[in-house]
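Trainee: One structure, pasted below without further comment.
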Amino acid sequence: MALVDPLADLIAALQRLPGIGARSATRLAYHLLKTPREEVDSLCAALLSVKERVTYCSICSNITAVDPCAYCTAGDRDSRLICVVEQPENVAAIVKTRGFRGRYHVLMGAIAPLRGIGPDDLKLKGLIERVGAGGVEEVILATNPTVEGEATAHFLGERAAERKIQASRIAHGVPIGGELEYVDGGTLAHALAGRHSV
């Protein structure tokens, strides 16, 4: 059975979302067809609102509805510490831990030469300006534990050393509750390399 054009268009649009394949997109489209008009209108309004009102912070590049963002303007955050992450969703993950009270900087990616992404393609200028302005004592490199994330952390660590700023890397290793026989070799190697005294 051929799909009606608007339904086929909706399925194709949904498939462009990350993690949504053809079957999921089809299920979502049929669900939306059965959903009351008011709920669909509310969803459409939320989508438009996020595109119109959410922007990037001019200081740290995190997503925000007010520029500069709440993390950059909060007086109770330690401006001597900057946690550098790859994407805005990484900030949200760190905030959830309630274990970091410094400020953030979002790179909007990682160095990936095979994909043609170099340092100039990242939001590094603002970070360099913040560190150069003085007052920053430590840059915490919280990039992902991938080849690209490690390369980015190494690059940033070298830039920090040139400016006599302490750079630290978040620990990687065995997850709490994990059993060693189920941990992959790379993760276990990181855990052994990052061991500390007890």
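Trainee: Evaluate the charge dipole of the stretch 81-130 about its Cα centre and quote only its size in Debye, nearest 20, assuming +1 on the Cβ of each Lys and Arg and -1 on the Cβ of each Asp and Glu. Working shown, then result.
Mentor: Values: 8 positive and 5 negative charges, 62 e Å.
Rounded to the nearest 20 debye, it is 300 debye.
Trainee: Run the Debye formula on the Cα coordinates of the chain, all scatterers equal and no solvent, and tell me log10 I(q)/I(0) at q = 0.10, 0.18, 0.19 1/Å.
Mentor: Cα-only, vacuum Debye calculation for the chain: -0.61, -1.22, -1.29.
Trainee: Based on DSSP H runs of at least 4 residues, each adding -39500 (n - 2.57), what is the mean residue ellipticity at 222 nm of the chain after dividing by all its residues, to the nearest 500 deg cm²/dmol?
Mentor: Values: 8 runs with 88 residues, N = 198.
Roughly -13500 deg cm²/dmol at 222 nm, from the helical runs in the chain.
Trainee: For the chain, what is the charge dipole size about the Cα centre, in debye to the nearest 20, if Lys and Arg each add +1 at the Cβ and Asp and Glu each add -1 at the Cβ? It would help to have the intermediate numbers written out before the result.
Mentor: Values: 22 positive and 23 negative charges, 61 e Å.
That gives the chain a dipole magnitude of about 300 debye.
Trainee: Using a 1.4 Å probe over the heavy atoms of the protein chains, calculate the carbon and sulfur portion of the accessible area of the chain as a whole percent. Please report the intermediate quantities before stating the final value.
Mentor: Working: 7720 of 13250 Å².
Summing carbon and sulfur atoms, their accessible area is 58 percent of the total for the chain.
Trainee: Taking Cα atoms, how many degrees apart are the long axis of helix 22-34 and the longest axis of the chain, rounded to 10 and kept between 0 and 90?
Mentor: So the inclination is approximately 60 degrees.
Trainee: Now a separate question. Report the one residue of PRO145, GLY126, LEU114 whose Cα lies farthest in the direction of the positive end of the charge dipole of the stretch 108-164 (charges on C-beta: Lys and Arg +1, Asp and Glu -1; origin at the Cα centre).
Mentor: Checking the options against the dipole of the stretch 108-164, the answer is GLY126.
Trainee: Using a simple spin-label model with points 7 Å from Cα along the Cα→Cβ vector, what separation in nm is obtained for ASP121 and ALA45?
Mentor: Rounded to a tenth, the inter-label distance reads 3.9 nm.
Trainee: Calculate, for ILE170 and LEU17, the FRET efficiency according to 1/(1 + (r/R0)^6) with r their C-beta to C-beta distance and R0 25 Å; round to the nearest 0.05.
Mentor: Values: r = 29 Å, r/R0 = 1.16.
Plugging the Cβ-Cβ distance into 1/(1 + (r/R0)^6) gives 0.30.
Trainee: Restricting to the stretch 1-141, what percent of DSSP beta bridges are antiparallel, rounded to 5? It would help to have the intermediate numbers written out before the result.
Mentor: Numbers: 3 of 12 bridges.
The antiparallel fraction comes to roughly 25 percent.
Trainee: Once the Cβ-Cβ distance between ALA74 and GLU181 is put in as r, and R0 is 35 Å, what FRET efficiency do you end up with, to the nearest 0.05?
Mentor: Values: r = 44 Å, r/R0 = 1.24.
Approximately 0.20, to the nearest 0.05.
Trainee: Can you give the angle from 0 to 90° between the axis of helix 88-97 and the longest principal axis of the chain, with both taken from C-alpha atoms, to the nearest 10?
Mentor: Helix 88-97 sits roughly 70 degrees off the main axis of the chain.
Trainee: Here's something else I'd like to know. Given the C-alpha centroids of the stretch 134-155 and the stretch 18-81, what is the distance between them in whole angstrom?
Mentor: For the stretch 134-155 versus the stretch 18-81, the Cα centre distance is 26 Å.
Trainee: Based on the mean of other beta carbon atoms within 10 Å per residue, what is the order of 9-15, 137-143, most packed first?
Mentor: On the way: 9-15: 15.6, 137-143: 20.1.
Going from most to least packed, we get 137-143, 9-15.
The values are calculated or read from the model by the stated rules, or taken from the named source; none is laboratory data. Just so you know, these numbers come straight off a predicted model, no measurement behind them. As a convention, Cβ positions derive from the backbone with ideal geometry for all residues, glycine included, and neighbour counts pool all protein chains shown. Surface areas here come from the heavy atoms of the whole protein model, side chains and all, with no ligands, DNA or RNA. Shrake-Rupley method; radii C 1.70, N 1.55, O 1.52, S 1.80 Å.
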